[in-house]
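As structure tokens, the structure follows; a few thoughts come after it.
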Amino acid sequence: MTDSTDTKSDSIDGDQIPWYRWRWFFLTTFVVFYPLSLIVGLTGDVYCNTKGEVSKLSTGIKLAILAAGALVLAKNFFLPDLWSI
């Protein structure tokens, strides 16, 4: 019988996560080249290291970041002269 208080199954090994799934890469590509950030964000989880523990970035935060980028992209594509000086 297994112990239900075992938390080893819940922990995430940071060595097994690809470099392009980390939060730093997700946010860097968001600023530099948004379509790559969109691909990474929509095709899987994004991970962060918080207080020495590896955890997933919440889906709500990830989708909010992607939605903000989509709004900026749509504004620049459809209304490029809206905020020009």
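³J(HN,Hα) across the stretch 25-38 via Karplus (A = 6.51, B = -1.76, C = 1.60, θ = phi - 60°), whole Hz, x for Gly/Pro?
Residue by residue, the stretch 25-38 yields 6, 4, 6, 5, 5, 4, 7, 8, 8, 4, x, 5, 4, 4 Hz.
I'd like the Karplus ³J(HN,Hα) series for the stretch 59-68: coefficients 6.51, -1.76, 1.60, θ = phi - 60°, whole numbers in Hz, and an x wherever there's a Gly or Pro.
With coefficients 6.51, -1.76 and 1.60, one gets 4, x, 5, 4, 5, 5, 5, 5, 5, 4 Hz.
Whole-Hz Karplus ³J(HN,Hα) for the stretch 69-79, in order, using 6.51 cos²θ - 1.76 cosθ + 1.60 and θ = phi - 60°, x for Gly and Pro?
x, 5, 5, 5, 5, 5, 4, 5, 7, 8, 10
For a protection proxy built on the mean count of beta-carbon atoms within 10 angstrom, sort 15-27, 49-61 highest first, please.
Output ranking for 15-27, 49-61: 15-27, 49-61.
Just to confirm a number: summing +1 for Lys and Arg and -1 for Asp and Glu over residues other than Phe26 whose beta-carbon lies under 11 angstrom from that of Phe26, what do you get? It would help to have the intermediate numbers written out before the result.
On the way: positive: Arg21, Arg23, Lys62; negative: Asp45.
Spelling it out: positives minus negatives among the neighbours equals +2.
Please list, in chain and number order, the residues 5+ apart from Val46 or on another chain whose amide H is under 5 Å from its amide H, with Hs placed from the backbone.
Those qualifying (amide H under 5 Å, at least 5 residues apart or on another chain) are Leu57.
Arrange the peptides 70-80, 34-44 so that the one whose residues have, on average, the most other Cβ atoms within 10 Å appears first. Write out the running numbers ahead of the final one.
Numbers: 70-80: 10.5, 34-44: 14.9.
Packing order, densest peptide first, comes out as 34-44, 70-80.
No value in this document is a laboratory result; all are computed from the given coordinates. The shown structure was predicted, so the numbers you read here are calculated from the model rather than taken from an experiment. Note: ideal-geometry Cβ built from the backbone for every residue, glycine included; neighbour counts use all protein chains shown.
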